[in-house]
Structure formats: C-alpha cells, structure tokens
Amino acid sequence: MAGRGSEGAPHGQPGGRTAELRERVGEFVRDRVIPYEPVLDAGGPDAVAALGVLQGRAKQEGLWALPLPAHLGGRGLTFGEYAELAEAEGASDHGPAALGSAPLLDVSMLERHAQSGVRDRYLRRLVAGETRTCYAMTEPEVPGTDPFMTGTRAVRQPDGRWAVTGRKWFTSGAAGADLVTVLARTDGQTGDREGLSLLLVPTDSPGFRVVRELPVLGATGQWEIEFDQVGVPADHLVGARGQALAIAGERLQRGRTLRCLRWLGQAQRAFDLMCERAVARGGSRGPLAGHQLVQQQVFDALLALRTTRPMVHEAVALIDAGKDAHIEVGLAKVAAARMLQQVTDAAIQVHGAAGLGPDTALPALFRTGRAARILDGPDELHITAVARRVLRGYGGLSPTRP
C-alpha cells in the first residue's frame, strides 16, 4: 500500500513534528480512509455518514485541521510544514476532507479578505467542519482560462445588498456546501479586464439552485449551479469591489501547488501498487519483476516521481516565503499532472486486466491523472504563460501582451 517506505518515497525532507505527523497521517489515510473509498466515491447519505465517522476519528487522534490557523481551532502548520505531509494525506482524494484540511484555501482567503462580521460568523465553523464551502468560477460556454468573459453578474441594490444572477459549473462539492464563493461581474461589460468581484453566497438563499451533477469520467463530486437574483448581504463581498482577480490569483497559486502535492501522493500510491504486483505476480517464466520491460516501467515511473517532487517543493518554498512563484507553479502543475498519468498508466500496464477492474484503485487514480491536465487550467495555459514570462525576461515579449 501507498506510503510504506518504497523506493519512490521522499527521503530526508521533513524533521521534528512534521516527520512524526506525516507518518501518522499516512497511516490514517492508508488504514482508515482508503478502506472507505468505495462508499465515499459513491456519494449520497452513506458517504456523508462515513465521512463523519472519519472526521470524528481524525479529531480524536489529534490530526484534525493541521494546516488551519491555531486561533481558529486548527493545528497551525505553515504552508511549508503542511506541504511535507500533504502527499501522504492526498494519497486518497478523500484524505483532505477526512482530516479537515479541505477548507484551507477558503479559510485563508476569508481570513485575509473577508469583513470582520463574516470572519466572526463563519471561520470557526469552517475549521470545525460544521460549515462547508465551495468555490464557483467556471461557467458553461465560457473559456475557463478567460475570466474576463464571466457572465455572472452581481448588481448592487438600494439597500446595499447584492443580487447575483448567473450559472457556474464544475463546482466541487456544491451540492453539500453551505457557502459558495462566486466570481461575478459587478462593474463594466463582459470582456472588460476590470470590474470582477468575489461574493460569499449562503446556499440556502432564495434563488440558489443545484442544476445537475457533472460526473468527471464517471466520478462524482462536480456540480452545475444557478443563481437567480440571489440576495447577498453587503458585507459578504470578499475583498474590495473589482479586485477578484488579485485574490483569485493568490488562491490559485496555493491551490495548484496543493493539487500537485496530492497528485504526488496518488502517484506514489500507484507506484507502490505496481511494484507490489511485479513482485507478487508470477508465471511460467518467473515473477513479473524479472522481466526487463517491467523493470523499464518501474524505472521510468520512479524517474518521473523523483524529478517532479523537487519541482513541486520549489514552488512550495517560494509561496511559503511570500515570493513570486508563477513560473515554478506553472512548471510544477504541468509536470505533476503528466507524472500522475504516466505512473498510473504504467501501474495499470503491469497489472494487466486486473488494472482495469474494480479491485484496485488504479482506474480512479488514472482518471484523476487525466483530469489533472485540465483542472486549474489546462496544460496549454500553463505552458504558454510560463514561456511568455521567461521570454519577457529576455526582452522577447511586451509585459502588456496577453
């Protein structure tokens, strides 16, 4: 199973409390979360109940909300400290929710940019797992890489409230969320580079509707939602009016890097499964581990893991230090997505037909790897953005060129 000290695992990175926590988190995900995956993947009331059991155990074992602020009820790990155990937590898609770190981006955003009344009302409940949030940015028929084309609008009312109208999709966890942060146009016209704002919308507000679930290659958890003149209190504007993209950019850098760390954890899990299969599976010509083509798969997968991991942690270090990390995050995002797909594909190949069926996690891991090349911006977006930044350093492109 993942995280049992295989040759693909990181060596000598964390120390002190982080090393001990990483070991405990890895054991929790392996021994408690992964056995529940079939129920959690299926969704519905049984999944909600199972997640509640896991969250209760995480709290009992002192593993709850490790990267969330201590003054709000978390353990207060820095982003850099949390990065050292995010791989182990992310070996299962359900690890962050089970261990209470899933709202990290929302808590960080609201603590920095929400008004005091909103912080007082929601933050402790978010950290405790009593309130759930989601983040709605992408819209049907609108390129996700072009937020300036956002069609959702928020109109200021005479009493100071906002009326939000529009539709969003591929919103993770929207059906079970109590709050949704919405990117909406508050000023200007569609296509303008200014005038976009973020609003925190309670999902029990009249006019909010979950339209449908959007399975991703068969997996649950993504939703299309609609806002029909949804009233939002004036103090639920997140940050300054018209400053959404600055806040979203800050959030995206951390979010993309967290995804990379979790993809590393899932790739490590696939690598371990592949090696265990190669050693255990035998035939008339001996175990698979003795076949050179299988050894080639192991080598290539290990190389992908070992070369991607330091790239991701370079991005972590820059973000943790408050430095610009656009290039490093773009490189890490593309590399980690490709790596997860490559390693999982190799593991499936070594498993043969068994790798395609329901008896291993490999189909789900492969699905995540394929989706990873589109989530949080497709590969093409990051490739061109990184290349342009690099070329500008050589005087090759104007800073104002899109």
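Just one residue in the set ALA65, ALA97, ALA58 is in contact (Cβ under 8 Å) with a residue 60 or more places away in the chain and either in contact with a Cys (Cβ under 7 Å, 6 or more places away or on another chain) or closer than 26 Å to LEU110 by Cβ (or both); that residue is ALA65. Scoring VAL279 on the criteria (1) touching a Pro at 6+ places or on another chain (Cβ under 9 Å); (2) crowded, with 23+ Cβ neighbours inside 10 Å; (3) among the β-branched types (Val, Ile, Thr) leaves a single failure, condition (2). Entry remark, segment 50-79: residues being of a type outside the set (A, V, I, L, M) and under 30 Å from PHE366 (Cβ atoms) number 5 in total.
Listed here are the residues, each with its yes/no results for (1) closer than 30 Å to ALA354 by Cβ; (2) more than 27 Å from the chain's Cα centre (by Cα); (3) in contact (Cβ under 8 Å) with a residue 40 or more places away in the chain; (4) crowded, with 23+ Cβ neighbours inside 10 Å.
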{"site": "GLU226", "(1), (2), (3), (4)": "no, no, yes, no"}
{"site": "ARG241", "(1), (2), (3), (4)": "no, no, yes, no"}
{"site": "LEU261", "(1), (2), (3), (4)": "yes, no, yes, yes"}
{"site": "HIS291", "(1), (2), (3), (4)": "yes, yes, no, no"}
{"site": "GLN295", "(1), (2), (3), (4)": "yes, yes, no, no"}
{"site": "ALA301", "(1), (2), (3), (4)": "yes, no, yes, yes"}
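Scanning segment 188-208 for residues that are at negative phi and at pLDDT 95 or above yields LEU196, SER197, LEU198, LEU199, LEU200, VAL201, PRO202, THR203, ASP204, SER205, PRO206, PHE208.
Residue-by-condition table, conditions (1) among the hydrophobic types (A, V, I, L, M, F, W, C); (2) over 30 Å from ASP41 (Cα atoms):
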residue	(1), (2)
GLU314	no, yes
GLY322	no, yes
LYS333	no, no
LEU340	yes, no
GLN349	no, no
LEU356	yes, no
ARG367	no, no
GLU380	no, no
VAL386	yes, yes
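Just for segment 13-51: of the residues that are small (Gly, Ala, Ser) and assigned to a helix (DSSP H, G or I), which one is modelled with the lowest pLDDT? Going through the qualifying residues, I end up with GLY16.
Being among the charged types (D, E, K, R) and farther than 25 Å from GLN115 by Cβ is a property that GLU250 lacks.
Taken over segment 356-380, the criterion of being buried (at least 16 other Cβ atoms within 10 Å of the Cβ) and more than 19 Å from TRP263 (Cα to Cα) is satisfied by no residue.
When we screen VAL182, VAL211 for residues that are touching an Asp or Glu at 6+ places or on another chain (Cβ under 6 Å), closer than 18 Å to GLU141 by Cα and modelled with pLDDT of 90 or more, the only hit is VAL211. A single entry from GLU213, GLU194 fulfils the requirement of being within 19 Å of the chain's Cα centre (by Cα), in contact (Cβ under 8 Å) with a residue 12 or more places away in the chain and outside the structural domain of PHE79 (by TED's automatic domain parsing): GLU213.
The values are calculated or read from the model by the stated rules, or taken from the named source; none is laboratory data. Quick caveat: nothing in here was measured; it's all calculated off a predicted structure. Don't worry about glycine lacking a Cβ; one is built from the backbone with ideal geometry, like all the others, and counts go over all protein chains shown.
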